[in-house]
1. What does the net charge come to around C:V127 if you take all other residues with beta carbon closer than 12 Å to its beta carbon, with K and R at +1 and D and E at -1?
2. List, in order, the whole-Hz ³J(HN,Hα) value for each residue of the range A:18-30 obtained from phi through the Karplus relation with A = 6.51, B = -1.76, C = 1.60 and θ = phi - 60°; use x for Gly and Pro.
3. Could you work out how far helix C:81-108 tilts from the main Cα principal axis of chain C, as a 0 to 90 degree angle to the nearest 10?
4. Rounded, prolate or oblate: pick one for the range B:1-86, where a ≥ b ≥ c are the square roots of the eigenvalues of its C-alpha gyration tensor, a/c under 1.5 means rounded, and failing that, prolate if a/b is larger than b/c, else oblate.
5. For the range C:18-92 and the range C:242-295, what is the separation of their Cα centres, given in Å?
6. Around C:E452, what is the net charge, scoring Lys/Arg as +1 and Asp/Glu as -1 over all other residues with Cβ under 14 Å from its Cβ?
7. Quote the relative contact order of the range B:360-459 in percent (integer), defining contacts as alpha-carbon pairs under 8 Å separated by 6+ residues.
8. Over the Cα atoms of the range C:1-133, how large are the radius of gyration and the largest Cα-Cα distance (Dmax), in Å?
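Where a number appears in this text, it was derived from the coordinates with a stated rule and is not lab data. The structure displayed is predicted, hence computed values, not measured ones. Don't worry about glycine lacking a Cβ; one is built from the backbone with ideal geometry, like all the others, and counts go over all protein chains shown.
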Amino acid sequence: MDILSHYNYWVAIFLMMTGFYVVIASGNLVKKLIGLNVFQASVFILYISAGVVDKGVPPILKEGASILYSNPLPHVLILTAIVVGVGTTALGLALAVRIKEAYGSVEEDDIHAQEED
Amino acid sequence: MATIEQLAIFQITIPLIVAPLVFLLKNGNRAWFLTLVTSVAMMWVASQLLVHVLSVGEFVTQIGGWAAPWGIEYRVDTVNAFVLLIVSAMSSIVLMFARQSVNQEIESNKRSLFYTSWLLCLTGLLGVTITGDAFNVFVFLEISSLSSYVLIAMGRDRRALTSSFQYLVMGTIGATFILIGIGFLFIATGTLNMADISERLSDTSQTRTVRTAFAFIIVGIGLKLAMFPLHLWLPNAYAYAPSVASAFLAATATKVALYMLLRFIYTVFGFEFSFDLPLSETLVILSSAAILVGSVVAIFQDNLKRLLAYSSVAQIGYMLLGVSLATQAGLSAALLHVFNHAVIKGGLFLVLGCFVFRFGTASLKLLSGKGTQMPWTFAAFIAGGLSLIGVPLTTGFVSKWQLVTAALDIGWWPVALVVLAGSILAIVYVWRAVEVLYFRPVSDDSQIVKEAPLELLLPTWLLIGANIYFGINTELSIGVADVAAHWLMTGTR
Amino acid sequence: MKIPASEVLLLLALIIPVVGSFFIFLCRKYPNVREGITLITGIALFANVSLIASRVFTGERPEFVLAEPFSGFTLSLAVEPLGMLFALLASFLWIITSIYAIGYMRGHGEDNQTRFYIFFACSIASVMGVAFAGDLLTLFVFYEVLTLMTYPLVTHSGTAEARRSGRVYLGILISTSMVFFLLAVVWTALEVGTLAFSIGGIYPEGTEPWVLGLLLALFVFGIGKAAIMPFHRWLPAAMVAPTPVSALLHAVAVVKAGVFSILKICIYIFGANSLHDLAVAEWLSLLAGFTIIAASIVAMGKDNLKARLAYSTISQLSYVTLGALLGNSAAWTGASMHMVAHAFGKITLFFCAGAILVAHHKKNVSDLDGLGRVMPFTMGAFFIGSLSIAGLPPTAGMWSKWYLVLGTVDAGELILLNVLLLSTLLNVYYLVSIPIRGFFKPLRTPVSGIKEAPLPCLIAIGVTTTITVGLFIYPEHLFQAVSGLVTTW
């Protein structure tokens, strides 16, 4: 197994786990969202790197016959996914703002403590 | 008169286009009306699609005229036509209920936003169901999820915000898992069209990539489905959302997730591949746990909405139990329960909506003894509760019968016993609620309220009545479920 | 007026009480009209059932399919002699109990009387459904509905004790039916492919004995309304209900639905031959015998009159279960006759207990010494009723016991024969002793003159007592009705 030649997958895995860990372990709502973003970014890298064709050029149409392009489909998919991710982050941050207004804090522990009363 | 292919496209485009129009209508009542009309129109479209599919067979619509597998196609067969009808019908009936409830629970400047999110959620749910492209599923899933986060966050209690946030985080992780799974499928097959993937997988399926894809997709959908133990977001989300949002989501969101699961297991990956892996064993254990744990936890809840939410976790367990049997009978029972449970839970959440409308709370402690002040509502609660228990002449009984029959047919005794044990536990949590509402002394004699207004009672009783009707006349529910199960299993009508 | 077809009459048997309950609800503000509606509905139902009976006893077998919820399994109504008997019994006694209830509820000043009469009517509709069930699924459905319709009657008084008892009632009955009965029904459906009742049983020839044995056990334990031990606790718990409820439902309708179901399943689902070959049938009949003796012993220790009557009922129900399981024609004849004899005997006893409660506010047996001087009519009726339960002449109970004894001899079950004889002695001890003491012992607290219960109660008591004796003198009709059970449909 070529570990080094599959380095794109290792990067993706590393980011995925990091993001996931931040989401779970962090007590701050904004940090959770950051972790979520990192997690999503890892998936983007996974897709795009899988679409790379050896010796292919970026998939932008050029004049000339039989040019080897990298696969454009993952790029399209990931654009969509990025938009979804942006929407999610925006919504998450909006909720964080509202939570801050309602509870006075964006730390999970503080919020739980207030709910215990 | 549109052709059937155009109707399929209308199913998605109309609510999508109307949503921003609703946003422009600042008056809450007008926004509501437009939303209701759209939803009813979608229900009509779905019924046309179902009728067409039952008589002629599955059909395909290509979006934009681009041919598959590069273009996105909408592929309608019995299974998703059935789910389309359930989703749009539940949306319409709950919307009939919604006007006064929303006017009471949501501030006037946010009402049109609420309805906008509703239409976007409806678009997303319908889109997940109708599409034949794997990535398109992800897109519509996220559309419906994001709008449901908004719907939930609009609840009166500030815990609605934290519940929505928790759901957002967990839901996004789930959706991202699905995306990873789809990514691996794409890497393995080079295509995103579901029918195409399934063809290409028949050669390459026994590779680690495909198995990993399967695992990620199942886990991701499991999160959306509130499959035990990934259900932790559901009780809070349903408890603190506005009453009609709870009713709508309880009746639709998890059903669509189950549809997604079935579509991936049976159509994309195929029956042999999926059940070669230990899917059956895993699902049996997890769904049995869902039924038992969900029901037991429901017994101790004070908030009626949370009680029903935990009950939903158990009911989803029933559906998954049917799937885990790996037989056509089990699958048919699961699809039947999709329909039945939507009717039961939708109706019960509307009942709670009536209580909240008059009393302002869903807490059993505060509601004790007050059942008699709203006799029609209380009667509806009892009828719905009896259906959860599975008493004959209700849809709950029909589902239980089909499920137990399917289990005994392959000799899986313990499964049949788990289903029946679930009924016993349901007796405890339903009857506890009924007793507190009726027999306990009234907690405070402050106000005597009137029965819920007719506008709220009619949709509630429509669903509860449907519950009893479909408990006796099962031609539609079992009939379509059987056809759909056969289709999924064998690929033929 | 043209008399409708038998099928329509069958459906009407279910519809009449439901429509009646609807009108009771409408007239809730006018008590006399409301009570009148109950009586009119009762008479209409009895007339309807009698009409059906006149056709059935000439050989007609009407059927009516209500719905087909699952492919191949219908909800249908059909009549055969046993069900006809049960329907006649229940509809006749409804009228009598309604008369009694009117006197009792008003004399006792009970609340929520409208709710009482509404659910009374709905319970009777469910009983009609059980009696006329054409297949096992329909029987199960109406059996469950009966449990639900009787719950508000059991918890009528709304006190904490009533609620607790209601929970025991509901808990035991629905748990046993959901887990055991339903499982047996579904399993039977899968094994046989149909659930319709038919003479000689429905299980195919090659069914393994352990399957049949397990199914029989599931049915007997699943039908909690037959109160076989250890699922009998709901019966004494349900005594918290007002006496008319105890009288009709727990001497006639609910418990009879239970033993009726067991009888019907033994005759039409298993059949005599299957039962003979099953060891499990023998063990279960021994369990029934145990229940007979154990319940009698517990009854002896109970001072509360209704509790004593409740345990006596548990004991008597196992007579019918015993007869059903023995699987020969004498036993089945005895069991069916006992359904009727016990109904009239026990309902008399409950009516008397209620009369004593309303007139003198006495609940315990120890307070009843000498009461015969003050309530001679009631105590006299109590005496006749207790003789019938003990199975002594000149009451109907003697004939049913006679056939049950014959049944045990035919089956070679000498232990069970002794059980029946011993239980006669025990019954004398704990039941017949009450009126004896009532007449011959001196009064505890002197009361002058005669103070009987309200008149409607006395009328009801009089009717049931007369029939108890009447069935002893003219048992032919009863005997003819049940004699065809083993050989003909």
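1. Surrounding charge for C:V127 is +2.
2. 4, x, 4, 4, 4, 4, 6, 7, 7, x, 9, 4, 5
3. Tilt relative to chain C: about 20 degrees.
4. Since a/c reaches 1.5 but b/c is at least a/b, the shape of the range B:1-86 is classed as oblate.
5. Answer, in whole Å: 23.
6. +3
7. 46
8. 15.9, 52
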